[in-house]
Amino acid sequence: MEATAAMTAMAGEVPERVEERAGEGVHVDPEGARLAAAAAGGSAEAFRLLVVRHQQSVYRLIVRMVRDPALAEDLAQETFLKAYRALPSYDPRWKLSSWLLKIAHNATIDHLRRQRLDTTSLDPGPEEESGSPLERLADPKAVDAEQQTRA
């Protein structure tokens, strides 16, 4: 940053002032802050604009994480619902897009944690003490019994 300022000073240009995010009350994203405040105040039009403005970036993040477009659409919808509920806690000193993407990331991670992997136990059950785990997995009766216990 200092190198850029020095180079522009040598070229005779006046460097633009870089403002601190904290402390001065400067809005990094004034349009986002205005939309968030209006939507938090109950403006459906402001929330609609907020969604239109950020839906593609939220969707792209989620689809990269889950690799399923239909699931990504559902999680994006969940993200905007969570964001709507949390709008009163939005801090306008930070970019609205960063706040929304963090909500999307957390919602997607929560979803991935809730998913259960389809696993088969290698430990013998009380009714089946003979044979190795591989023999039990290869036995069609054992697989059918396992599937029936899950249903």
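The values are calculated or read from the model by the stated rules, or taken from the named source; none is laboratory data. As the structure is a computational prediction, the values presented were derived from the model and not from experiment. Every residue, glycine among them, receives a Cβ derived from its backbone with ideal geometry; neighbour counts consider all protein chains shown.
Observations on the model:
- Condition met for ASP68 (more than 13 Å from the chain's Cα centre (by Cα), modelled with pLDDT of 95 or more and among the acidic types (Asp, Glu)): yes
- One residue stands out in the stretch 29-56 among those that are surrounded by fewer than 14 Cβ atoms within 10 Å (Cβ to Cβ) and not charged (D, E, K, R): the one that is nearest to THR108 (Cα to Cα), namely GLN56.
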